[in-house]
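Worksheet for the structure shown next.
The values are calculated or read from the model by the stated rules, or taken from the named source; none is laboratory data. Keep in mind it's a predicted model, so treat the numbers as computed, not measured. We place every Cβ from the backbone using ideal geometry, glycine too, and count neighbours over all the protein chains shown.
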């Protein structure tokens, strides 16, 4: 791609990455979540694959595929943690500690990130899975038709 | 532990599907042991749920609640996702368990390592989890999600042999039909949610008034599910899919198609069983059923690809089930009960006989590298067991006594005759044609002079075929025993179980 595309991609990529991470991290507070944030991050992968020569991303798919598995497993295991009561029971919510802070009263607040128990963890797991899954799909598609694909 | 059985039957194969790939990096033996453990546990859970549902009535499991039975929150609204297993769901769970276990037994010696054995195993478990979720869920949106899980896993399995030319085409065709069907279901779910602000099947069933929008939703749901079931005129994906998928996956694909029949029963009798119980729906389903039977059987006559021939046979059996469901929905009691008994019993019989035939086709393909009837012949000299199993499965498929296909088809003919003698005559005619088709296939592939060398199937594959053969014979010899124990609770759940289903979820 031309130098203009590459330069702009260099500027946009970190910003989009940060935005994707924000959407995943704040999944339990604001619209969005693991899937949406993961899709934003995967769009960065698409941007980089288009802007820069795609062959150099080939090795990344070997990293991403196990990560996808890991994300899916993490989500299922988080759901299994609630099995003392029922599957998917939110065991961390309201218990203090990690993501266990009490939820603030209704009304304007800056967003209490340390709430909602296992939900943020599940968002991270979904985010990981979507980043890895969509990312490797983008990379695999870019490799189609190449002689070394 | 047993109180969590419904969700464990879904979550454990799901976890297994994801963890298998990681284990496969470490060691193949470990992966195989893990797969066996997962499947043994899953089928044990499905059986445990079935026993509970048959003896104690409807089993409700609420996800994320303080206790599994707490399905309704304060205010009397079921806000959480629930799993509801009544007699019908439990029966379908048993079919899925049988299909999954047999497929796994067949699997290990069927696919070679270099054909991506780990991925196939993972997809098989994913499909299994999807089917179990589909038949256990009590939430309409989750129903759609599980439908999509089965669709995606099924399409990946159908197109599994990417290095050949036809499987990817079959997978694409199937994906197109499944996606279209899934979209219809999604639109219908959207309509119902917009109308009643709820996704819980029991709550919706109580709230549905039978308005024009409800009729639209029912039509869309039925359309989507009939596509998934492979009824004429949306059947063209099914022969390609069954014919090209690896033989080990086809029995699970058949169970997947039957899950669509289950869904039609659930929609017609439970979800819309209160306000929209018109016999017209039954006549529609029955006429589609008989068309499916006739078209599929006539198409089977001209096939020379052994896999596609059996696949058309499988589609025709789906037609018989639809016919039975339709007749059951016309009468809702009386001879309708006989029809539903036949139709529901035919599901497990069909899974066994069609599954056995596909397993034999897979063994023939593995031994000779061909499934073309014109180039095969005389395989009975070397593949003795396979020939016997094929004959058994073929006769069961055609409904010859004393095999299981006869028991269920006879109930279907008898009740269809009461609804419409013409339909019964057509169904009987199709069955005779089917006998001609399978006899021709048997003669073409296994009889005659020996024309080529073939190595018999390894023991694992023969054991899987043996289990299915045993099911065919035992169900054929003692149909009354099984109808009373497992089929009759399912039929009662369909016909009269709506009140119990609603009460179990909503309380009171």
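Among the conditions (1) assigned to a helix (DSSP H, G or I); (2) surrounded by fewer than 22 Cβ atoms within 10 Å (Cβ to Cβ); (3) under 20 Å from the mean Cα position of the chain (by Cα), residue B:257 misses just one, which is (2).
Tally the residues that are surrounded by fewer than 21 Cβ atoms within 10 Å (Cβ to Cβ) and under 25 Å from the mean Cα position of the chain (by Cα), restricting the search to segment B:443-462. Final tally of qualifying residues: 2.
So, residue B:88, is that one farther than 29 Å from residue B:366 by Cα, at pLDDT 85 or above and within 14 Å of chain A (Cβ to nearest Cβ) or not?
no
Evaluated against (1) more than 14 Å from chain B (Cβ to nearest Cβ); (2) closer than 26 Å to residue B:62 by Cβ; (3) buried (at least 19 other Cβ atoms within 10 Å of the Cβ), residue A:116 falls short on exactly one condition, (1).
On the basis of being in contact with a helix residue (DSSP H, G or I) (Cβ under 6 Å, 6 or more places away or on another chain) and facing chain A (nearest Cβ under 9 Å), does residue B:63 make the cut? Against the criterion (in contact with a helix residue (DSSP H, G or I) (Cβ under 6 Å, 6 or more places away or on another chain) and facing chain A (nearest Cβ under 9 Å)), residue B:63 does not qualify. It is to be established whether one or more residues within segment B:390-407 are crowded, with 17+ Cβ neighbours inside 10 Å, farther than 30 Å from residue B:485 by Cα and in contact (Cβ under 8 Å) with a residue 24 or more places away in the chain. No.
Residues in segment A:37-45 include none that are at pLDDT below 80, touching a helix residue (DSSP H, G or I) at 6+ places or on another chain (Cβ under 7 Å) and away from every other protein chain (no Cβ under 14 Å). When the residues of segment B:380-415 are filtered to those that are assigned to a loop (DSSP other than H, G, I, E, B) and at negative phi, the one that is modelled with the highest pLDDT is B:403.
Within segment B:300-312, the set of residues being surrounded by fewer than 18 Cβ atoms within 10 Å (Cβ to Cβ) and in a loop (DSSP other than H, G, I, E, B) comprises B:302, B:304. Considering every residue within segment B:8-23, establish whether at least one is within 13 Å of chain A (Cβ to nearest Cβ), surrounded by fewer than 24 Cβ atoms within 10 Å (Cβ to Cβ), over 27 Å from the mean Cα position of the chain (by Cα) and part of a helix (DSSP H, G or I). Yes: segment B:8-23 contains one or more residues that are within 13 Å of chain A (Cβ to nearest Cβ), surrounded by fewer than 24 Cβ atoms within 10 Å (Cβ to Cβ), over 27 Å from the mean Cα position of the chain (by Cα) and part of a helix (DSSP H, G or I). With respect to the conditions (1) within 26 Å of residue A:73 (Cα to Cα); (2) within 9 Å of another protein chain (Cβ to nearest Cβ), residue B:70 falls short on a single one, namely (1).
The residues on offer are B:52, B:80, and the sole one that is within 12 Å of another protein chain (Cβ to nearest Cβ) and crowded, with 17+ Cβ neighbours inside 10 Å is B:80.
If we scan segment A:121-131, do we find a residue that is out of contact with any strand residue (DSSP E or B) (no Cβ under 7 Å at 6 or more places or on another chain), at pLDDT below 85 and within 14 Å of chain B (Cβ to nearest Cβ)?
Initial filter on segment A:121-131 (out of contact with any strand residue (DSSP E or B) (no Cβ under 7 Å at 6 or more places or on another chain)): A:121-131.
Checking the rest, the ones that are also at pLDDT below 85 come to none.
No: segment A:121-131 contains no residue that is out of contact with any strand residue (DSSP E or B) (no Cβ under 7 Å at 6 or more places or on another chain), at pLDDT below 85 and within 14 Å of chain B (Cβ to nearest Cβ).
Just one of the numbered conditions (1) buried (at least 16 other Cβ atoms within 10 Å of the Cβ); (2) farther than 22 Å from residue B:62 by Cβ; (3) within 14 Å of chain B (Cβ to nearest Cβ) is not true of residue A:86: (2). Tell me whether segment A:104-112 contains one or more residues that are modelled with pLDDT under 80, away from every other protein chain (no Cβ under 14 Å) and either part of a helix (DSSP H, G or I) or surrounded by 21 or more Cβ atoms within 10 Å (Cβ to Cβ) (or both). No, segment A:104-112 has no match at all. Annotation: of all residues in segment A:49-80 being more than 17 Å from the chain's Cα centre (by Cα) and surrounded by 16 or more Cβ atoms within 10 Å (Cβ to Cβ), the one that is farthest from the other protein chains (Cβ to nearest Cβ) is A:51. Restricting attention to segment B:42-60, the residues that are part of a helix (DSSP H, G or I) and in contact (Cβ under 8 Å) with a residue 40 or more places away in the chain add up to 11.
Is it true that residue B:39 is farther than 26 Å from residue B:343 by Cβ and either away from chain A (no Cβ under 13 Å) or part of a strand (DSSP E or B) (or both)? So that I can check it myself, show each step before the final result.
On the way: farther than 26 Å from residue B:343 by Cβ: yes; either away from chain A (no Cβ under 13 Å) or part of a strand (DSSP E or B) (or both): yes.
Taking the combined requirement at face value, the residue satisfies it.
The residue of segment B:272-299 that is surrounded by the fewest Cβ atoms within 10 Å (Cβ to Cβ), among those that are modelled with pLDDT under 90 and in a helix (DSSP H, G or I), is B:280.
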